[in-house]
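Working notes, structure below.
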Amino acid sequence: MTSEHGWPPEGGFGPLVDAARLRAHLLDDDLVLFDCRFTLGEPDAGRKQYLAGHVPSALFLDLERDLAAPVGRHGGRHPLPNPQTLAEKLGRCGVDERSTVVVYDDGSGSMAPHAWWLLGYLGLERVAVLDGGFPAWIDAGGALSGGTTDEEAAASRPPRRFTPHPRREWIRTIEDVRRVVEQRPTGVMLVDSRAPERYRGEEEPLDPSAGHIPGAVNLYWAESVGPDGRWKRPEDLAHRFRSLKGAREVVVYCGSGVTACANLLAMRLAGLRNTRLYPGSWSDWCSYPELPVATGALHEGS
């Protein structure tokens with residue numbers, strides 16, 4: 001898939017790709033494109049948006065049907081999907097270890113990074129988020145397709161066999177996080193990615209308890225995205241995450257493990273490599289009434 005224009009670029013692919021480069025390589029055989037638009041509280045909104053208009057050749061990945069396991073008593077609102085189940089879905093969409101994958105959302109940066117992280121977690125090496133999302137594609141003069149379901153679109157691509165190789169070292173379990181809270185190991189930091197008012201416990205629109213995990217600092221995921229929906233420059237992100245520099249390990253969480261991945265993407269852009277995800281996040285932590293909860297003044301974490 002390499003061309004004279006360097007696609008993928010030397011030294012790896014991602015974590016971002018701009019709309020102009022995507023347009024130039026939209027017909028490449030090994031490219032698989034996924035629309036990941038989703039609205040919390042409106043589970044059908046993303047699929048409706050996809051059907052109304054999407055980037056040509058894009059397939060649809062649903063946050064709750066494809067990118068999460070069924071919800072249980074514990075594990076959070078969006079548990080990690082079964083690796084083999086997701087790998088089989090990706091294989092039906094034409095993905096294998098050789099594929100180059102681009103994912104996009106509505107430009108908020110809230111959903112595509114989750115897919116980016118998950119596909120990397122399964123072992124894919126060439127995965128990128130479309131910088132600026134769907135609006136950036138439109139702004140770049142990109143064509144649109146509509147009316148075709150993702151199942152019909154997937155059927156038009158030759159299926160491939162994708163064997164997942166989950167990178168278990170990328171995640172931290174609730175037991176891991178509990179040890180961090182109890183033992184406060186040197187060099188390990190917890191980062192809460194939710195909005196400051198949720199971190200402080202002043203409001204909680206989604207989960208039964210308000211507050212945050214004791215010892216966590218707050219770095220709101222949305223502050224890594226500019227007003228135009230594009231990700232901030234690496235040097236600006238490095239400044240934003242300067243309080244994390246030197247940490248031996250950074251464990252990131254949010255409400256359910258989705259928007260935490262936006263922080264993980266931003267940290268990757270900033271040059272941080274020692275990051276981990278607590279997938280269950282706050283919705284898992286607060287499902288255990290015996291676990292401690294902190295509230296109160298915001299710790300800026302910067």
Report summary line: How many residues of the stretch 259-281 are farther than 15 Å from Ser193 by Cα and either without any contact (Cβ under 8 Å) to a residue 40 or more places away in the chain or buried (at least 24 other Cβ atoms within 10 Å of the Cβ) (or both)? The answer is 5
Query raised in the report: in contact (Cβ under 8 Å) with a residue 24 or more places away in the chain and over 23 Å from Asp62 (Cβ atoms): does that describe His212?
Result: yes
Report task. Report whether or not Val71 is part of a loop (DSSP other than H, G, I, E, B) and within 20 Å of Leu277 (Cα to Cα). Result -> yes
Report summary line: Considering the stretch 199-250, residues that are buried (at least 17 other Cβ atoms within 10 Å of the Cβ) and of a type in the set (S, T, N, Q), and then whichever is farthest from Asn263 (Cα to Cα), we arrive at Asn218
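Among the listed residues Gly146, Gly72, which satisfies the condition of being surrounded by fewer than 19 Cβ atoms within 10 Å (Cβ to Cβ), of a type outside the set (Lys, Arg) and touching a His at 6+ places or on another chain (Cβ under 8 Å)? Reasoning before the result, please.
Values: Gly72 fails: touching a His at 6+ places or on another chain (Cβ under 8 Å).
On inspection, the qualifying residue turns out to be Gly146.
Considering only residues that are in contact with a Phe, Trp or Tyr (Cβ under 8 Å, 6 or more places away or on another chain) and β-branched (Val, Ile, Thr), which ones fall in the stretch 236-254? So that I can check it myself, show each step before the final result.
Kept after step one, since they are in contact with a Phe, Trp or Tyr (Cβ under 8 Å, 6 or more places away or on another chain), are these residues of the stretch 236-254: 237, 251-254.
Of everything in the stretch 236-254, those that are in contact with a Phe, Trp or Tyr (Cβ under 8 Å, 6 or more places away or on another chain) and β-branched (Val, Ile, Thr) turn out to be Val251, Val252.
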Query raised in the report: In the stretch 28-59, which residues are free of Cβ contacts under 8 Å to residues at least 40 places away in the same chain and over 22 Å from Thr259 (Cβ atoms)?
Result: Asp29
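Read-outs: derived from the displayed coordinates by stated rules, not from any lab. Just so we're clear, the structure is a prediction, and the values are computed from it rather than from any experiment. Neighbour counts are summed over all protein chains in view; Cβ atoms, including those assigned to glycine, are modelled from backbone coordinates with ideal geometry.
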